[in-house]
Amino acid sequence: MIPYRNKLTVYLVLFLFASPLTVNAQPIEMSSYVSRIDQLIQPYVENRVFSGTILVAKEGRIIYNKGVGQANLSWSIENSADTKYGIGSITKTITATLIMQLVQERKLKLADKISQYLPNYPKEKGDLISIHHLLSHRSGIPNYFKIPGWTNGNFNKSMPLEQFEQVLNNLPLSFPPGETYMYSNSGYYFLGKIIEGVTGKSLSENLKSRIFIPAGMLDTGLYLNQNIISQIATSYQFKKNGHYKETTINRDLFRAAGDLYSTAKDLFRFEQALYSERLLSDETKRIMFSDKNSYGWKNSSLQVGSAEKQIMSYTGQLLGFNSMMTRFIQDQSSIILVGNIGTSYLERNNLTQEIAKVLFDQNDVVEKTRASMLLHKAVYENNLPQTIKLIDTNRASYRLDEKEMLSLAQQLTWSGLEQEATSIRQLVVKLFQKSPH
């Protein structure tokens with residue numbers, strides 16, 4: 001957390017200046033939105049699909065901000081509007097903003113080769129990779145999961161950063177830089193090192209002075225191993241024989257790639273600050289947000305009832321911690337999810353899509369119970385075989401979606417529950433025999 005006890009007056013002034021919580025002075029009738037969102041969230045919570053905090057803003061004003069599920073199971077602490085969570089790869093969105101500030105200040109160029117800034121990185125590779133390649137995931141530097149021993153947990157133990165950086169330095173490129181897209185935590189880790197080298201300050205100091213204070217984000221920071229963070233949720237995944245297990249990972253290795261914690265409100269403050277020139281000039285934002293670049297963001301569309309909405313979004317997951325930030329730029333509206341039970345990307349997207357129907361006053365369509373929700377609950381309650389049989393023998397009673405089921409299977413694989421994941425994949429094969437998947 002940003003220390004501000006001794007600078008309370010300064011931070012209150014910054015907060016009042018930066019806070020976007022009252023962007024639109026026009027009254028918005030919130031009670032109908034709140035009740036409808038409460039209702040649609042309920043099955044996600046009851047079936048162990050989502051636990052966390054949800055924030056919804058319409059025309060720049062928050063109309064919904066609540067916690068659901070539990071922040072800590074052992075102590076029976078509920079999630080609240082102010083609970084903090086690891087935000088995973090949404091860290092990259094903030095890192096990209098910081099890099100673009102340095103570009104704006106002419107302290108580096110997007111075309112610069114990383115060999116200029118990373119003296120310990122092999123020059124023959126560094127001379128081929130640009131800042132642009134790192135930002136756009138086109139560097140060819142393999143992702144963490146390609147590191148030998150990563151999936152076996154060899155990097156969960158404490159190790160000096162210099163030792164880890166040497167591992168990254170020695171990784172062969174997967175393809176010539178710029179040739180194609182391949183998501184890479186490694187590239188954003190190096191962007192953090194470049195930020196430190198160019199400014200002569202730590203990543204934490206840069207984030208605080210350049211992003212958090214200007215945007216009024218007083219509850220956001222680096223979640224390093226040694227840090228004790230007040231009001232932060234515990235990260236959980238499904239465990240063998242039901243219920244959840246706490247997750248462990250060496251957070252220090254993620255840094256600029258995925259190591260921030262935040263609240264839903266602070267993420268809202270960040271994305272609202274991007275409507276002004278508080279963090280970046282309009283010209284710099286045009287470069288950052290362009291379809292050909294999309295540094296730290298993804299431009300796409302979301303089907304909202306009968307309407308197709310253009311969105312700018314990003315998502316993150318670090319074991320049980322997960323996040324999704326969706327911006328409807330034309331409407332200056334947003335939906336932010338932060339959670340702590342490993343909700344899959346697909347389920348976060350489903351929840352966002354359902355909330356968007358309420359946000360934009362689209363009619364709700366009553367659907368059959370989703371089979372994937374029942375399967376989530378079955379894993380938690382340790383009755384997966386019975387639930388699979390129930391779904392298989394009563395197919396017409398449920399909404400069957402193979403992608404949702406396969407997404408759950410993938411989450412179970414990441415949790416080490418390969419037997420349960422295989423059972424769900426076998427059900428998918430039976431239900432969708434003609435599918436190419």
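Points to keep in mind about this one:
- Members of region 278-304 that are touching a residue at least 60 places away in the same chain (Cβ under 8 Å) and part of a loop (DSSP other than H, G, I, E, B): R278, L279, L280, S281, N293, S294, Y295, G296, W297
- Hey, Q386 assigned to a helix (DSSP H, G or I) and over 24 Å from the mean Cα position of the chain (by Cα) or not: yes
- The set of residues from region 408-437 being assigned to a helix (DSSP H, G or I), touching a residue at least 40 places away in the same chain (Cβ under 8 Å) and under 22 Å from T248 (Cα atoms) comprises L408, Q410, Q411, L412, W414, E420.
- Selection of region 190-221 for residues being touching a residue at least 40 places away in the same chain (Cβ under 8 Å) and over 16 Å from F270 (Cβ atoms) yields F190, L191, G192, K193, I194, I195, G197, V198, T199, L203.
- Looking at A18, A57, just one residue is within 20 Å of P214 (Cβ to Cβ), at pLDDT below 95 and buried (at least 18 other Cβ atoms within 10 Å of the Cβ), and that residue is A18.
- Matching residues, region 92-109, being under 11 Å from M288 (Cα atoms) and either free of Cβ contacts under 8 Å to residues at least 60 places away in the same chain or among the hydroxyl-bearing types (S, T, Y) (or both): T93, T97
- Pick from region 219-230, criterion part of a loop (DSSP other than H, G, I, E, B) and in contact with an Asp or Glu (Cβ under 7 Å, 6 or more places away or on another chain), ranking: surrounded by the most Cβ atoms within 10 Å (Cβ to Cβ): T220
- On the stretch given as region 314-357, residues that are without any contact (Cβ under 8 Å) to a residue 24 or more places away in the chain and polar (S, T, N, Q) total 1.
- You will find that of T199, T247, T263, the residue that is of a type outside the set (D, E) and farther than 25 Å from S344 by Cα is T199 and no other.
- Of the strands (runs of 3 or more DSSP E) lying entirely inside region 231-270, those carrying at least 1 residues that are under 13 Å from the mean Cα position of the chain (by Cα) are 260-262.
- Considering region 321-378, the residues that are of a type in the set (F, W, Y) and crowded, with 21+ Cβ neighbours inside 10 Å include one that is nearest to M405 (Cα to Cα), namely F321.
- Checked against the criterion of being of a type outside the set (F, W, Y), closer than 18 Å to R348 by Cβ, at pLDDT 95 or above and not assigned by TED's automatic domain parsing to the domain that holds N340, the candidates K377, K389 yield just one match: K377.
The values are calculated or read from the model by the stated rules, or taken from the named source; none is laboratory data. Every value quoted in this text rests on a predicted model; they were computed, and no experiment measured them. A quick note on method: Cβ atoms are made from the backbone with ideal geometry, for glycine too, and the neighbour counts reach across all protein chains shown.
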